[in-house]
1. Report yes if A:L236 is open to solvent by less than 40 Å² (accessible area, probe 1.4 Å) and either touching a strand residue (DSSP E or B) at 6+ places or on another chain (Cβ under 6 Å) or assigned to a helix (DSSP H, G or I) (or both), otherwise no.
2. Taking the conditions exactly as written (part of a helix (DSSP H, G or I) and open to solvent by 70 Å² or more (accessible area, probe 1.4 Å)), does A:N290 satisfy them or not?
3. Among the listed residues A:V283, A:V274, identify the single one that is modelled with pLDDT of 85 or more, β-branched (V, I, T) and closer than 25 Å to A:Q230 by Cβ.
4. If you check A:N374 against the conditions, is it exposed (fewer than 13 other Cβ atoms within 10 Å of the Cβ), out of contact with any strand residue (DSSP E or B) (no Cβ under 8 Å at 6 or more places or on another chain) and within 12 Å of chain B (Cβ to nearest Cβ)?
5. Considering segment A:197-256 alone, what residues qualify as being hydrophobic (A, V, I, L, M, F, W, C) and under 30 Å from A:E332 (Cβ atoms)?
6. Name every residue in segment B:23-42 that is at pLDDT 90 or above and either closer than 21 Å to A:F365 by Cβ or in contact with a Lys or Arg (Cβ under 8 Å, 6 or more places away or on another chain) (or both), in order of residue number.
7. With (1) more than 17 Å from the chain's Cα centre (by Cα); (2) surrounded by 13 or more Cβ atoms within 10 Å (Cβ to Cβ) as the list, and A:V359 as the residue in question, which single condition is left unmet?
8. Pick from segment A:131-175 the residues that are basic (K, R) and closer than 25 Å to A:D381 by Cβ: which of them is surrounded by the most Cβ atoms within 10 Å (Cβ to Cβ)?
Amino acid sequence: MNTKTSKNKIFWVLTTLFIASSWLLTVSFVSIWVAISSGLSTAIAMVLILDYVRKHDDFDEYQDVSLDEKTSPIDAIDEQLRSAIEPAKGEIDQLPKIDDMLTTMAGASERRRIDGLVRKWAELAKQFNAVKHHLDGQINEVIKQSEDATDTIASSFKTVINKATLQASQAMNLLEGTQGATSDGSPQSLQDFIRVSDERLNKMADEVMRVADLSVKMVRDLDDVKDRTQAIDGFLLDVGKLADQTSLLALNADIEASRAGDAGRGFGIVAQEVRRLSKRSNVFSHEIRNHLRMVKNGLNATYSNMQTLTSKDMAHANNIKNEIRTLTKTLEDKNREVADTVSDINTISKEIAQDVQNVVISLQFHDIISQKLNSITTPMDNLASAIDLLTNETNSLGLASNWDSELAAQDQQTKSATNGKPLPRSSNNTTGKENALPNSGPNVELF
Amino acid sequence: MATILIVDDTASMRQMIGFTLNDASYEVTEAADGNEALEAARKSKFDAVITDINMPNMDGISLVRELRSLADYKFTPILMLTTESQDSKRKECKEAGATGWIVKPFNPEQLLNVIKNVLN
């Protein structure tokens, strides 16, 4: 700077000397040239001074310093010349200095505006980075929380379904057991039990009916026996009559024998013997009739008992049959209910299977949500890097150096925050296009 | 029963696929990214692989390429299960050697049908 300044001083001194000498020469020797030379010289001097002042607006400062510090002969001459032309220079310098001041002022104002804009721009970048950082945090939080929740739901769902499946299969086994097939005749299922008990009970009822039928036949047989005893009684009456008549005949024969005297004594003995026999026969006949009466009474009692028994048997057998029929019907109804329940369980199982499918589809929402959220962060990352690029470019203009470091620090902070977080998909989803693009292919495709 | 390798970085997705396949009596092994999957695939031979595309460390398409370079997995069915829907990705998967493409969310019945198809 010092070298440059001293060079400029020399230049200025020489120029002043030249102007002064030419001025003096022109005035002293050629009067005609006065106007032309002075005008030309003044013009040259003005141009040079203007040029100098424009280049060195801090001229005065340096001038003062140099005057204090430097004591070279050139400087002394310089000062003398300077004071000689000072009145003229003052006037000449006024115009370019004002022009320069105005230009400088305009430039400064422009620069302040740009500085202000750049500061605002840096502030905006800072705000954006803060918002982005916040959103990234929130999005990651949402992804993490929904992932945790989905994991819990999924594992609980898995447990519930496994238990429901076990329960259904156990119920089915239980119910299928009541519907199962027979093996060795012993009842294995409710259906079998119904069938076997129905068979056995019907067999028993048939037996009772057969006994009742037999009883009826026996009653009929007893009727026959009663008729025959009645006939025997009639015969015995006849036998009694015959005995009475025989006794009367023997009495007559005895009378006739006693009338015949001794000749009829023998005959009288025979007649008495016949009377005795007829009396005995009469006694027998009576006794037989008495026994026969007792037999008849016994038969009558048996007959009435048999009749009671038969009618009761029949009624009982019928009752049993009816009861068996009702019981069987009840059991069959129960069995049908069981079958219906089995069918219901089957239907419910199918419905559960359908619901399971729906849940499996729905529980994939987390994956889709996290992808969509990540696709929000991707354009944000892109925007952040665009802003980074722009701020870097602005920095390179060197307009405002004081916020360079500030921005760099922010950038570093944002980058480290993004790298430190688990954003597994953002690196792969280079664009958020997947959501914007229509699903152009089929859901399932085998290549 | 057939063994299937499931690769997805989302735990709930792995659970849902695992649940669906277990229910149909398939044996399932899970992996959270391409690297884990590759390691598992080297340890034992799977009959089929179902993989996501967007995963950290190693993505699905790179996994398909790596698997196809292994002698054991030259012809093993590899299904892509993804939310991606661009045709360019589809093409990329196809070129990498994937067997098929299923869009998330998958329908369990559909998934089982596809598995049955590719295993036959």
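The values are calculated or read from the model by the stated rules, or taken from the named source; none is laboratory data. Quantities reported herein were computed from a predicted structural model and do not represent experimental measurements. For neighbour counting, all protein chains shown are included, and Cβ atoms are generated from backbone atoms with ideal geometry for every residue, glycine included. Surface accessibility is based on the protein's heavy atoms, side chains included, excluding ligands, DNA and RNA. Shrake-Rupley method; radii C 1.70, N 1.55, O 1.52, S 1.80 Å.
1. Judged against the criteria, A:L236 is a match.
2. Values: part of a helix (DSSP H, G or I): yes; open to solvent by 70 Å² or more (accessible area, probe 1.4 Å): yes.
Considered against the rule, which asks whether it is part of a helix (DSSP H, G or I) and open to solvent by 70 Å² or more (accessible area, probe 1.4 Å), A:N290 comes out as yes.
3. A:V283
4. Criteria not met by A:N374.
5. Of everything in segment A:197-256, those that are hydrophobic (A, V, I, L, M, F, W, C) and under 30 Å from A:E332 (Cβ atoms) turn out to be A:L201, A:M204, A:A205, A:V208, A:M209, A:V211, A:A212.
6. B:E30, B:A32
7. Unmet condition: (1).
8. Only one residue fits best here, namely A:K132.
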